[in-house]
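The values are calculated or read from the model by the stated rules, or taken from the named source; none is laboratory data. Quantities reported herein were computed from a predicted structural model and do not represent experimental measurements. Here the Cβ is made from the backbone with ideal geometry for all residues, glycine too, and neighbour counts use every protein chain on show.
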Amino acid sequence: MTLAAIIGGSGLTNLKDFEVTHREVKRSPYGEPSSPLVFGRLGGQEVVFLARHGQGHTIPPHEVNYRANIWAIKETGATRVIAVNAVGGIAASLKPGQLVFPDQIIDYTYSRNHTFFGNGQKPVTHIDFTYPYCEELRRVFIQAARAAGIEAAEHATYAATQGPRFESIAEIKRLERDGADIVGMTGMPETGLARELGLCYASIAVIANPAAGKAAGVISLKEIERTLESGMQTVRSLLERTIPLLLTV
Ligand code: HPA
């Protein structure tokens, strides 16, 4: 049984210590997922991995086929989805390289295929999104991080922006006024689509940079790459501790 799916974001196109058993190229009614599904064992358990931006990191956030990805994951029979997201830090307490487990999200994206429920489908369907992330899975992240001595923010509001450009200072100020702590380009519609298909979905966000205006100067891609390299090492060790804990919940 596949215990969980992991959606890797920027900086995490593969997993170390992941014993790959097989790959599957999936199709969905919505087109092709970003990458083949890679099945294997991590932390002694069977998991499936999908690279959100493609295996060679070629798909920008606004062009990811989120519906195909979530559909393909649902088809594997996995019920839990661990999403890894690189984000900018808005709250002053959040430092580059740090992990964050968001518990709320605001959607500022547009022109993305954001639902499975449309096109005249009957009956009209609305889903509850009061608590957008799966609390059970979030608690496992928190437990695993505490046990490993990994510093992580246990509550945060994620602002999902359209990208692919970063934000202006005024835009970040607005997100801050709205109550956002972190900003990223991939949180939506992925989180909503997972809920539509009844998946238990939660995010491990990695602070890649201070958001626009939160540090001197402009946002440097080189620096983001460097930060993500070490941040994703922390994610990998957290994942290895998280997976075995999933058996207990
Ligand atoms: N803004 C939006 N998305 C991001 C950022 C950012 O500053 N950093 C990493 N992803």
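Overview of results
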read-out: Looking only at the range 170-194, and only at residues there that are surrounded by fewer than 20 Cβ atoms within 10 Å (Cβ to Cβ) and out of contact with any Ser or Thr (no Cβ under 6 Å at 6 or more places or on another chain), the one that is farthest from Thr2 (Cα to Cα); value: Ala170
read-out: Conditions (1) of a type outside the set (A, V, I, L, M); (2) assigned to a loop (DSSP other than H, G, I, E, B); (3) within 16 Å of the ligand (Cβ to nearest atom); (4) surrounded by fewer than 20 Cβ atoms within 10 Å (Cβ to Cβ); number of the one not met by His62; value: (2)
read-out: Filtered residues of the range 224-242 (kept if without any contact (Cβ under 8 Å) to a residue 40 or more places away in the chain and more than 17 Å from the chain's Cα centre (by Cα)); value: Arg226
read-out: Subset of the range 176-195 (residues that are within 15 Å of the ligand (Cβ to nearest atom), under 13 Å from the mean Cα position of the chain (by Cα) and farther than 15 Å from Val100 by Cβ); value: Met185, Met188, Glu190
read-out: Evaluation of Ser230 against (1) hydroxyl-bearing (Ser, Thr, Tyr); (2) surrounded by 23 or more Cβ atoms within 10 Å (Cβ to Cβ); (3) modelled with pLDDT under 95 (one fails), failing number; value: (2)
read-out: Given (1) modelled with pLDDT of 95 or more; (2) surrounded by fewer than 23 Cβ atoms within 10 Å (Cβ to Cβ); (3) small (Gly, Ala, Ser); (4) away from the ligand (no atom under 13 Å from the Cβ), number of the condition Ala202 does not satisfy; value: (2)
read-out: Residues being over 13 Å from Ala211 (Cα atoms) and touching a strand residue (DSSP E or B) at 6+ places or on another chain (Cβ under 7 Å) - total across the range 161-188; value: 5
read-out: Answer residue from the range 65-88, given it is within 18 Å of Val38 (Cα to Cα) and in a strand (DSSP E or B) and is farthest from the ligand (Cβ to nearest atom) among those; value: Arg80
read-out: Residue match in the range 118-126 (condition: without any contact (Cβ under 8 Å) to a residue 60 or more places away in the chain, surrounded by 15 or more Cβ atoms within 10 Å (Cβ to Cβ) and not hydroxyl-bearing (Ser, Thr, Tyr)); value: no
read-out: Total residues in the range 154-164, condition surrounded by 15 or more Cβ atoms within 10 Å (Cβ to Cβ) and without any contact (Cβ under 8 Å) to a residue 60 or more places away in the chain; value: 4
read-out: One residue from Glu225, Glu167 being assigned to a loop (DSSP other than H, G, I, E, B), surrounded by fewer than 24 Cβ atoms within 10 Å (Cβ to Cβ) and of a type in the set (Asp, Glu); value: Glu167
read-out: Selection count where residues are within 16 Å of Gly179 (Cβ to Cβ), in contact (Cβ under 8 Å) with a residue 60 or more places away in the chain and part of a loop (DSSP other than H, G, I, E, B), scope the range 101-117; value: 2
read-out: Test for Lys214: is it farther than 30 Å from Ala72 by Cβ, within 13 Å of the ligand (Cβ to nearest atom) and basic (Lys, Arg); value: yes
